[in-house]
Amino acid sequence: MSFLKKNAPALTLLVIAALFLVVGVWREETEQVFRKAVNICMECIGLG
């Protein structure tokens, strides 16, 4: 029980992050996020 009390903020953030991932997949935003990530990576590397 002390583990949960010590790590409550971290576990709460983990649950919220997982919820946001599920909502993003449910709204079918995965392709848009992937496309933006590829564009950012290409700009950082200097290929774009």
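Just so you know, all these numbers are worked out from the coordinates, no wet-lab data involved. For clarity, every value in this text was computed on a predicted model and none was experimentally measured. Here the Cβ is made from the backbone with ideal geometry for all residues, glycine too, and neighbour counts use every protein chain on show.
Spin-label model, Lys5 to Val22: label points 7 Å out along the Cα-to-beta-carbon direction sit 2.9 nm apart.
Between helix 8-26 and the chain there is an angle of about 40 degrees, using the helix long axis and the longest principal axis of the Cα atoms.
Projecting the Cα atoms of Leu21, Ile45, Leu11 onto the charge dipole of the chain (Cβ charges, centred on the Cα centre) puts Leu11 farthest toward the positive pole. Any chance you could give the angle, 0 to 90 degrees and rounded to 10, that helix 30-45 forms with the longest Cα principal axis of the chain? Result, in degrees: 60.
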